[in-house]
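The values are calculated or read from the model by the stated rules, or taken from the named source; none is laboratory data. All values reported here derive from a predicted model rather than from experimental measurement. Methodologically, a virtual Cβ is constructed for each residue, glycine included, from the backbone with ideal geometry; neighbour enumeration extends over all protein chains shown. Side chains included, ligands, DNA and RNA excluded: accessible areas come from the protein's heavy atoms. Shrake-Rupley method; radii C 1.70, N 1.55, O 1.52, S 1.80 Å.
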Amino acid sequence: MGDAIVIRGISKTYRSGGETVNALDSVSLAIREGEIFGLLGPNGAGKTSLISILAGILAPDAGYAEVVGLNCSKEAKKAQEVLNVVSGFTGVIYSLSVEEALMYYALLYNVRDAKKKIASVIKLVRLENARHLEADDLSSGMKQRYQIAKALLSDPCVLILDEPTVGLDVESAITIRDIVKRLRKEGRTILLTTHNLFEAEELCDRMAFINHGKILATGTVDELKERLVRKRTIEINCSDSQEVVERLSKIKGVNATVKSGRLALVSVDSYARMKDIMAALAGVKSEIYNLSALEPTLEETYLRIINNKAGKRGARGATGKEEGLIE
Amino acid sequence: MMDSLTRIYSQVYKSFHTLRRNTFRLADVLIWPLIFLFTLTFFATYLGSDAVYLQMIILGMMGWRMIYFLNLEMVSSFVDEYWSKSLAHLLISPISRFELAVGSAISGFLKAVFVICIYLVATHVLYGFNVSDWPTFVLALSFFAVIGFSMGLVTLGIGYYWKEESFNLGFIWPDVIVLLSGVYFSVDAVYPAWVLPAINLLPSTLAFNLLKSMVGLAVPDIPLLAMLSLLWVLLAYLFNGYMYEKARRAGKLARLG
């Protein structure tokens, strides 16, 4: 599969309060066709600037962005035909019913057989009973579903979801995520920005962490966690942790410590040591109740990478770059 | 071509359905125009004005409504999207700034024609008013539409960057133009001689002269009016494009996040 979105060396600065703010600093990314790609970062990291450039409403100072081979600045109107946006922050147009508002967008995007298409997207997002209500009167969850319907009208190859579940109750957020999963099955490329790391982990095939206008890391959830994990840790729940630690410490590449009378923590440089550990545990008198690998969460990974700015010395004197956390 | 016409029609569709569901917007085409009309015509009849001055007021009001509705519809259609926080959805769609301007201008034109029809009926019933020269009347209204479109392009251009401030401007500057153009009076009789060369180069002044010529109160200069109207459209379109790009570079066109 090729790349649906290509971003090369995009930079953008703004003037704000007499100062120049670097919103994006030589950002490069490639998002493959058919994948859900997460863009994660704190407020002001540059996510909105990046998606605004892709959507054609912000001009970059340098670099270029392409959506299915169409330049988002020079061929903005053509690129806008194949891209659509759902945003958790935008509103719905006043004084039009759901059906009328969708017809308005169908006209803007020259949707063929518009009435049929509107009926199908209304059904997809389960708004059949609200079709004649004024769109502005819908609940927050319904408004987000309406926005997804609006975005799907034009049958876009690329869909940008900008915090689609922000401010929604649990049930509405689950419904939105279910719809997104269905869209993935249809083969659409989705760029998702969110502060909800659970959502990102559940939905995204790959993701990038962005802060201060720079992409700090890119990869699958496992690849990103891998950067954080230098040593893997196993927690052993047993009747005599002292005996377990003594036995395991004899194995090369294993560092075992007593955490409590019944709990031993074992650091290994690779899970390939597991076979040796299991063999050693088979020979101890102590009862072994439970054995579990302690993996960092995406939240820990995110915080570690986001807070480890390139060039900033960490506790051990190494920079995030030297530690391999930042690309 | 058909795609472009469909996108232009999208603005008319939005305007029609917003008007249909919004009492305040309905008042804008049904109540306020009649109040303005009767305020001036009642005052003129109270003063015992000649029929010719009453006709000038009625014709002037029709011309002014054309400018007013085109300019205001172009900016309000845009600012409505800003107020409802849906502007980003409009601007990320494939509609071009030309299609956006033309679509909303057509909505404004249709509203103006509707109001002018009401004026024609009301003034015929009350004052026995009839249009004496239909070709000149239609030609003058066409020029007013072009002038209103030029003004709308400028106001919309300001809207791209400053958003709702353009709405205030959309109300203010047609009134200034109307005052300068002598809708209900002769500019030669009111303004000092040193201002007149500038005022007489406003296409709106020349367009009102064309209307006034229907009742023998002015001499029209159609070639100059045509030339200046086209010049205004050209300059306004360039300004509109400049402001669009300026807003797009500064990140002020629309906000997604």
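Annotations
- Note on segment A:103-246: Cα-only Rg and Dmax are 21.3, 74 Å.
- Counting only whole DSSP H helices of chain B, the ones at least 30 Å long by C-alpha along their axis and with mean Kyte-Doolittle hydropathy no lower than -1.0 are B:51-83, B:97-127, B:134-162, B:222-250.
- Inter-centroid distance (Cα atoms) of segment B:79-119 relative to segment A:145-181, Å: 28
- Neighbourhood charge, 13 Å Cβ-Cβ cut-off, centred on B:L169 and excluding it, Lys, Arg +1 and Asp, Glu -1: -2
- Averaged over the residues of B:79-90, the number of partner chain Cβ atoms lying within 10 Å of the residue Cβ comes to 6.
- Only protein atoms count toward the accessible area here, which uses a 1.4 Å probe; on the protein assembly as shown, the carbon and sulfur part of that area reaches 59 percent.
- Counting only other chain Cβ atoms within 10 Å of each residue's Cβ, the peptide B:14-26 averages 3.
- Per-residue SASA entry for A:D113, accessible area with 1.4 Å probe, Å² rounded to 10: 100
- Sorting B:F137, B:F38 by accessible area puts them as B:F38, B:F137; the probe is 1.4 Å, largest comes first, and only protein heavy atoms count.
- Estimated distance in nm for a label pair at A:V21 and B:N168, the labels positioned 7 Å out from Cα along Cα-to-Cβ: 2.4
- Over chain A, the hull volume per residue, using the convex hull of the C-alpha atoms, is 180 Å³.
- Rounded to 5, percent antiparallel among DSSP beta bridges of chain A: 70
- Rounded to the nearest 10 square angstrom, A:H132 shows an accessible area of 130 square angstrom against a 1.4 Å probe.
- Calculated FRET efficiency for the pair A:A119/B:V121, C-beta based, R₀ 51 Å, to 0.05: 0.80
- If only the Cβ of Lys and Arg carry +1 and only the Cβ of Asp and Glu carry -1, the dipole of segment B:2-250 around its Cα centre is close to 660 debye.
- Formal net charge of residues neighbouring A:V111 (Cβ-Cβ distance under 9 Å; K, R +1; D, E -1): 0
- Within the shell defined by Cβ-Cβ distances under 14 Å, the residues around A:E299 carry a net charge of -3, with Lys and Arg each +1 and Asp and Glu each -1.
- The translational diffusion coefficient of segment A:230-294, from Stokes-Einstein at 4 °C and 1.567 mPa s with a Kirkwood hydrodynamic radius over alpha carbon pairs, comes to 115 µm²/s.
- Each of A:K117, B:K111, A:K150 has its accessible area taken with a 1.4 Å probe; listed largest first, they run A:K117, B:K111, A:K150.
- Report summary: the helix-based calculation at 222 nm, which adds -39500 (n - 2.57) for every DSSP H run with n ≥ 4 and divides by the residues of chain A, gives -9500 deg cm²/dmol.
- Computed lengthening from A:A62 to A:E202, 0.36 nm per intervening residue step minus Cα-Cα distance: 47.0 nm
- A:K252-B:F42 pseudo-label distance in nm [points 7 Å out on the Cα-to-Cβ vector]: 10.5
- For segment A:230-294, a crude dipole built from +1 on the beta carbon of Lys and Arg and -1 on the beta carbon of Asp and Glu, taken about the Cα centre, is about 260 debye to the nearest 20.
- Using a simple spin-label model with pseudo-atoms 7 Å out from Cα toward Cβ, A:Y271 and A:T220 lie 1.2 nm apart.
- Annotation: segment B:1-118 has a Kirkwood hydrodynamic radius of 15.7 angstrom, from the mean reciprocal C-alpha pair distance.
- Estimated FRET transfer efficiency (A:R32, A:Q242; beta-carbon r; R0 51 Å; 0.05): 0.50
- Alpha-carbon geometry of segment A:1-159: the Rg and the Dmax are 17.3, 52 Å, given in that order.
- Volume of the Cα convex hull of the protein assembly as shown, divided per residue and given in Å³: 193
- Candidates B:T205, B:A51, B:I35 compared by Cα position along the dipole of segment B:2-250: farthest toward the positive end lies B:I35, with charges placed on Cβ.
- In chain B, inverting the average of 1/r over every pair of distinct C-alpha atoms gives 19.0 Å as the Kirkwood radius.
- Solvent-accessible area per residue, Å², over the protein assembly as shown with all protein chains present [probe radius 1.4 Å]: 44
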